[in-house]
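Only the coordinates and a few stated rules stand behind these numbers; no lab work does. The structure presented is a predicted model; accordingly, all values stated were derived computationally and were not measured. As a convention, Cβ positions derive from the backbone with ideal geometry for all residues, glycine included, and neighbour counts pool all protein chains shown.
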Amino acid sequence: MHHYVRSGNEVLRKRGYRLTPQRHMILSVLQEAHDHLSIEQITERVQQRNPYVSLSTIYRTLELLRELGLVRENHLLGEQPHYEAVESQAHHHLICRRCRATIHLDDALLGNLHEQLQVQYRFHQMTLDLVAAGYCDACWQYLQQHNLDGESSTATAETEGTQDA
C-alpha cells in the first residue's frame, strides 16, 4: 500500500470510517496521477479498475476525503473542479490564461506565511492555496508576435463570435 493511501487509511480509521475498496481505488488514482484530475478523469480511471463503481459513489467519496483533508478540490480559471491528493498544507500554482498549462510551485515559496496566519488570526487546520494566472512564455511570445495582449485578444474573439451570430 502506498504511503498516501496508508496515511489516508489512518485518517479514515481515526475518524470512524473504513477504507472501503472504492475509497482505496480513489485514493490510489489520485496518488498515482501526480496531477489535478477532473471528476470525469477520476471516474474513468476508477472504472477501469472496477466498472461497477458509480459516479455518485465517487462524488460522495471525494466529498468525504475533502472534508477529512485528504483531497484538495481546485477551481482553476472557470473550469470544473479538479481534485488532487493533499500531501502538504500549502499548495501553489501558476496557470497560463491561454493554454491552461499549470505549474506547481515550491511549497516553501511563501515561507512560513501559513504558520503566521494561523498564529495571528487563530485559524486552525488551515490550508493555503495560491493560484496566479498569467501567460506561459510560449503563449506570451505568440501574443507578442501577433500584436495581441491577453485582454484585447479575448475581447476580439468575443466580438468576432457576436458578429457571426
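Compactness of the chain, taken as the C-alpha radius of gyration over 2.2 N^0.38 Å, stands at 1.28. Residues whose amide H comes within less than 5 Å of that of Tyr83, counting only those at least five positions distant or on another chain, are Leu37, Ser38, Asn74 (H built at 1.01 Å from N in the peptide plane). For the pair Arg66 and Glu32, the difference between a 0.36 nm per residue extended length and the Cα-Cα distance amounts to 10.5 nm. Taking the longest Cα principal axis of the chain as reference, the axis of helix 3-14 is set at about 60 degrees. Across Leu55, Leu27, Leu113, mean-square fluctuation computed from a Gaussian network of the chain (C-alpha pairs under 10 Å connected) peaks at Leu113.
Summed over qualifying helices (DSSP H, 4 residues or more, each -39500 (n - 2.57)) and divided by its residue number, the chain shows a 222 nm mean residue ellipticity of -15500 deg cm²/dmol.
Modelled label positions at Phe123 and Asn50, each set 7 Å beyond Cα in the direction of Cβ, lie 3.6 nm from each other. Residues whose amide H lies under 5 Å from that of His92, counting only those 5 or more places away or on a different chain, are Leu105, Leu130; hydrogens are built 1.01 Å from N in the peptide plane. Quotient of the Cα radius of gyration of the stretch 37-91 and 2.2 N^0.38 Å, N being its number of residues: 1.16. Normalised by 2.2 N^0.38 Å, where N is the number of residues, the C-alpha radius of gyration of the stretch 1-87 stands at 1.00.
Suppose R0 equals 35 Å. What FRET efficiency, 1/(1 + (r/R0)^6) with r the Cβ-Cβ distance, do Leu105 and Glu40 give to the nearest 0.05?
The formula returns an efficiency of 0.85 here.
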